[in-house]
Amino acid sequence: MSEESRKVIYSAMQPSGHPSLGNYLGALKNWKDLKNDFDCIFSIANMHAITVRQDSANLRKKTRDLITLFIAIGLDPEKNIIYYQSDVSAHAELSWILNCFTYMGELNRMTQFKEKSLKHNENINSGLFTYPVLMAADILLYQTDVVPVGEDQRQHLEICRDIAERFNNIYGEVFKIPEGYIPKVGAKIMGLQNPTKKMSKSESDNDNNVIYLLDDLNLIRNKIKRSVTDSENEIRFSEDKPGISNLLNIYGAVTGKTPQDAEREFSGYGYGKFKEAVAEAVINEIKPIQEKYKELSADKSYIDSVIKNGAEKASYIANKTLKKVKKKVGFPIF
Ligand code: AQP
């Protein structure tokens, strides 16, 4: 593919907790697979993270840990743009403008807002409500073609497209209308203890529900061993077996197989042996990432340079779109 015709991929992750296996299989792993064929821009969405109360020192640490992890999984800061959202002020500026093109009714329908309002009912702030508008600004600033996300972000992507189309209808073709890329396998990894709810990195009630990418490998094995299944002893991918189906989905996403292929592979296995095989596959995938992460964490000046270069490259592109938008809405431009 020639450099000019390469499509732009944009995606982001919040440093709102330790990244989970769900984040990896639903997002990071796919980013890595797409990174050579597209112009990729990956952001650490720390502005989104403060929609939920964060400890400042801890947020700063998690932000840096996440950019280190991005590189450890195989994203290449030379070929891809990797940056902190808070380093590019265009995000906040465009977000404000887009707020004026977004209806309360649209935001009221967002299921993530409803879920997070219930979970954080002591702090239902307007940032949580307008979260999808900031996400739209993130994506649209970079004239993005494709946004690889997990299933939980589908609704936010749709509102982003609606806002962009509304703006374009008034002012002409300012924004590219992005497409979503939701993986066939791994798009929704569920909790190990509660397989009817998605695995979430900011989960705090039950650590056994979530596999964190940086968990000790033995701990990962034990979490999978203890995962909730059912009273049968049959490995079948089906809605009435959420625990087993989740493990098949995890195994499939890690090994590049469909859950149905995995089901055939494990036909006749008992649950114990099946869980061991899933744990082995997950550990094989995660071990090299953890090793690389450890090595990179020790290289302070390299990570510092990635952060600085990423901010410069991202700002350059973002400011070009922002300037166009400001002109269209009638702000003086010098
Ligand atoms: N369980 C999941 N299965 C598949 N994909 C998932 N993603 C999140 N959970 C799963 C994908 O990870 C990317 C980053 O998400 P985010 O950091 O923007 O926030 P999120 O979607 O709200 O993810 P979390 O882990 O649940 O974060 P918290 O706990 O802070 O809310 C997205 O592409 C998402 O689809």
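The values are calculated or read from the model by the stated rules, or taken from the named source; none is laboratory data. Model, not experiment: these values are computed from the prediction. Cβ coordinates were reconstructed from backbone atoms using ideal geometry, including for glycine residues, and neighbour counts include every protein chain displayed. Side chains included, ligands, DNA and RNA excluded: accessible areas come from the protein's heavy atoms. Shrake-Rupley method; radii C 1.70, N 1.55, O 1.52, S 1.80 Å.
Observations
- Charge tally in the Cβ shell below 9 Å around P178, where Lys, Arg are +1 and Asp, Glu are -1, P178 excluded: 0
- Summarising the amide proton neighbourhood of I189: residues at separation of 5 or more, or on other chains, whose placed amide H is nearer than 5 Å comprise M199.
- Prolate/oblate/rounded call for the range 232-334, Cα gyration tensor, a/c under 1.5 rounded: oblate
- Taken as entire DSSP H runs, the helices of the chain that both span 15 Å or more between Cα atoms along their own long axis and average -1.0 or more on the Kyte-Doolittle scale are 56-73, 131-141, 154-171, 242-255, 271-297, 300-329.
- Using the Cβ-Cβ distance between E280 and I177 with R0 set to 41 Å, the FRET efficiency from 1/(1 + (r/R0)^6) comes to roughly 0.45.
- Extension gain, R109 to K197, is 29.7 nm, computed as 0.36 nm per intervening residue step minus the present C-alpha separation.
- Accessible carbon and sulfur surface of the range 207-295 relative to its total accessible area, %, 1.4 Å: 46
- Model label sites at N168 and E234, defined 7 Å from Cα along the beta-carbon direction, differ in position by 4.9 nm.
- Protein accessible area in the range 1-106, 1.4 Å probe - carbon and sulfur %: 51
- Rel. contact order, % - alpha carbon contacts under 8 angstrom, at least six apart, the chain: 23
- Accessible area per residue, Å², the chain with all protein chains present, probe 1.4 Å: 48
- Counting only protein chain heavy atoms and rolling a 1.4 Å probe, the accessible areas of H120, H18, H156 rank, largest first, as H18, H120, H156.
- Taking amide H as placed 1.01 Å from N in the peptide plane, the amide H of E179 sits under 5 Å from that of V146, V147, each at least 5 places away or on another chain.
- Placed amide H near K7: partners under 5 Å, 5+ positions off or other chain: D39
- Taking 26 Å as the limit for the C-alpha separation, the pairs K119/K323; K35/K176; K29/K294; K223/K273; K198/K273 exceed it in the case of K119/K323.
- Difference of contour (0.36 nm per residue) and Cα-Cα distance, K273 to E78: 66.0 nm
- Estimated vicinal HN-Hα couplings, Hz - the range 173-178 in sequence order (Karplus 6.51, -1.76, 1.60; Gly, Pro = x): 6, 8, 10, 6, 8, x
- Per-residue [θ]222 nm for the chain (sum of -39500 (n - 2.57) over DSSP H runs n ≥ 4, rounded to 500): -16000 deg cm²/dmol
- Label-point separation, S117 to K328 (7 Å along Cα→Cβ), nm: 3.0
- Longest site-free stretch - the chain; sites: GluC sites (Glu not before Pro), DSSP loop, at most 12 other Cβ within 10 Å: 240-334
- Across the alpha-carbon atoms of the chain, the computed radius of gyration and Dmax are 20.5, 71 angstrom.
- Euclidean distance of C-alpha centroids, the range 179-224 and the range 45-85, integer Å: 19
- Order by protection proxy (mean Cβ within 10 Å, highest first), peptides 41-47, 81-87: 41-47, 81-87
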